[in-house]
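Working notes, beginning with the structure itself.
Here, each number is a calculation from the coordinates, and none is a lab measurement. Every value quoted in this text rests on a predicted model; they were computed, and no experiment measured them. Cβ atoms come from the backbone with ideal geometry, glycine included; neighbour counts cover every protein chain shown.
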Amino acid sequence: MSNLSPSETEGSLSRRAWISRVLVESILVVGSILLALALDEWNEGQDYQDLATLSLVNFEREIQQNRLRLEGVTPFHVGLRDVLANMDAGGADVSTTMVRNILDSFQPALLVSTAWETAVATGALGYMDYDVVAGLSRTYNLQERLTTLSRSGMNDLLMGGFRSGEADLLIYTANRYGRELTEAEQDLQVVYDLVLGLIAETIGESPDTTAVVDSP
């Protein structure tokens with residue numbers, strides 16, 4: 001039998017009940033905190049995923065537009081390239097005016113890179129799959145190279161051909177410019193198709209072409 005008086009027994013039971021209640025409340029508080037942290041982490045991860053998906057949609061739209069612009073000029077440039085190649089191989093007298101008119105007809109496509117710049121600024125690339133980022137990096141590097149080639153090639157013509165007045169040098173340089181430019185345009189179109197397929201696969205569409213583009 002217990003030697004405790006009725007009042008002591010009642011106090012002991014009250015303390016036990018209080019301790020049990022405190023333990024339960026503590027467990028509930030800790031559980032609520034852990035659940036809140038888990039929800040915050042999930043929401044943050046979801047926000048990053050939404051940012052990555054939105055960026056991929058922007059990339060898809062921009063690359064499709066760039067490809068259409070490139071498709072609009074490449075066939076014409078190929079024709080001009082063939083004319084210059086025939087001039088270079090024919091050995092006939094060609095005036096600088098004729099070469100200048102042909103070169104003036106080259107109108108490189110205006111290719112934009114806003115989606116890439118935005119993704120870099122927002123950090124969205126860090127939440128994308130490696131293969132996707134590698135493909136996008138290669139795509140925009142080739143775009144930049146094409147733009148640089150368009151400018152530098154024309155500068156070479158101005159410095160090497162027109163200023164020297166040597167027709168043979170002018171035709172040779174113009175032929176090389178046309179060849180390199182059209183090759184770069186055609187290569188970029190192939191990469192556009194590959195990376196568009198990769199983006200479509202990543203965001204759950206059904207691409208006609210799906211492939212991984214190696215990093216440069």
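Tabulated data for the structure shown
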| quantity | calculated |
| --- | --- |
| Net +/- balance of residues flanking Leu80 in space, Cβ distance below 14 Å, scoring K and R +1, D and E -1 | -2 |
| Cα shape, the range 85-146, gyration tensor, a/c 1.5 rule | prolate |
| Ordering of 198-204, 70-76 by packing [mean C-beta count within 10 Å, highest first] | 198-204, 70-76 |
| Volume per residue of the C-alpha convex hull in the range 59-202, rounded to whole Å³ | 100 |
